[in-house]
Every structure is written in C-alpha cells, then in structure tokens.
1. What residue, of S98, S144, S114, is hydroxyl-bearing (S, T, Y) and at positive phi?
2. What are the residue pairs meeting all of these: first residue in the stretch 104-121, first residue surrounded by fewer than 17 Cβ atoms within 10 Å (Cβ to Cβ), second residue part of a strand (DSSP E or B), Cβ atoms under 9 Å, and 6 or more apart or on different chains?
3. Test of understanding: among T81, T87, which residue is β-branched (V, I, T) and within 15 Å of the chain's Cα centre (by Cα)?
4. Restricting the search to the stretch 123-142, which residues are open to solvent by 30 Å² or more (accessible area, probe 1.4 Å), assigned to a strand (DSSP E or B) and not hydroxyl-bearing (S, T, Y)?
5. So which of V84, V71 ends up being more than 18 Å from F123 (Cβ to Cβ), crowded, with 21+ Cβ neighbours inside 10 Å and hydrophobic (A, V, I, L, M, F, W, C)?
6. With in contact with a His (Cβ under 8 Å, 6 or more places away or on another chain) and not aliphatic (A, V, I, L, M) as the only criterion, which of D146, D121 stands out?
7. Hey, any hits in the stretch 96-106 for a residue that's over 28 Å from V26 (Cβ atoms) and in contact with a Leu (Cβ under 7 Å, 6 or more places away or on another chain)?
Amino acid sequence: DLIGRLNSIPVPSFQGVSPVASASGVNGHPLKIVYFRLQPGARIPPHDHRDYNGVVRVLEGSARIRSYDLVGERQTKPQATFLVHQTRDGRATKGDDSTLTRTRDNIHDIVAGSEGVVFMDVFTFFREDGHSTYLHIEDEPEGSGDYRARWST
C-alpha cells in the first residue's frame, strides 16, 4: 500500500482540547485527507462512506475500530431498521490501517484507547457532494455478527 511506504507522516497541530478534534490536510476532489485527534475514550459514532473509499492510518496511540457491511439493500427511510454485519472488531495502533470501500466495511466507528489516538483519513470521492450519514447500531447482536441498525435523524 502506498501509505505504508511513507516513512513519516507529520502530525498537524490541533486547536483546543475537545474530545474529538480535526485538522484539514488535502481538500480537493477527488482526494481528501483529514487528521483527527481523539482524547482517551472519545468516540466517532457509526457512520457510512457511501460515496467514497478510504484508509484510516493510525499515527499515534491506539483505537478500537469496528466495521460493518449492510445486509441487503440500502435502507433510506430514517426510522426503518435494517441489518448490518460486523466484519471487524479490533485494536489499531501506530502504523496500522483500516480500509473501506463503498461496498466493503463501509460503516465503521472508532473509539480511542486509554492514551488517545491520532489518525488520518485518506479518502477518494466518487461524487463531489459525497458525505457520511450517522446511524445507531443496537448493542445486542441478532446472531452471527448481525446487528439491527437505523439511520440517525
């Protein structure tokens, strides 16, 4: 992977001490790079990446990353429930990557470890107006790694 060939990636300065802070890197269609700093235990809730592919590269600290695939067709009604299948639940540390595509591991959430985490997201967009939508995933599995979910309103 090309990101893995980089010897060192400079970590930007983050403003303030909020639980989740971000800093822009590259921001031109089709490429976007965003840096995040999460304080210990801070979370970026489950969200999708329907219009782009991405790579999360951990630069400092560690995080728990859970990834999911949609089961069946994409549900667009805000209050309707649907199933997602958990494909990953692991700890990522400095130098680790987590990848996603529009069809594989497209939904994920990130929780910082006890020392916090700094990571960069590298995205390639297929649409200029590409965006993410947050969703709520139930804590109790429906069985075999499937969880009931619904889009946040």
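The values are calculated or read from the model by the stated rules, or taken from the named source; none is laboratory data. Keep in mind it's a predicted model, so treat the numbers as computed, not measured. Heads up, the Cβs are rebuilt from the backbone with ideal geometry, glycines too, and the neighbour counts pull from every protein chain shown. The protein model used for the area step is the full one, side chains on, heavy atoms only, and it has no ligands, DNA or RNA in it. Shrake-Rupley method; radii C 1.70, N 1.55, O 1.52, S 1.80 Å.
1. Of S98, S144, S114, the one residue that is hydroxyl-bearing (S, T, Y) and at positive phi is S144.
2. From residues that are surrounded by fewer than 17 Cβ atoms within 10 Å (Cβ to Cβ), the pairs are R104/S67; R104/D69; R104/T87; S114/G61; S114/S62; E115/E60; E115/G61; E115/S62.
3. Going through T81, T87 in turn, the sole match is T87.
4. If the condition is that a residue be open to solvent by 30 Å² or more (accessible area, probe 1.4 Å), assigned to a strand (DSSP E or B) and not hydroxyl-bearing (S, T, Y), then F125, H136, E138, D139, E140, P141, E142 are the ones that fit.
5. When all the criteria are applied, what remains is V84.
6. Values: D121 fails: in contact with a His (Cβ under 8 Å, 6 or more places away or on another chain).
None of the other options fit; the residue is D146.
7. Scanning the stretch 96-106, I find no residue that is over 28 Å from V26 (Cβ atoms) and in contact with a Leu (Cβ under 7 Å, 6 or more places away or on another chain), so the answer is no.
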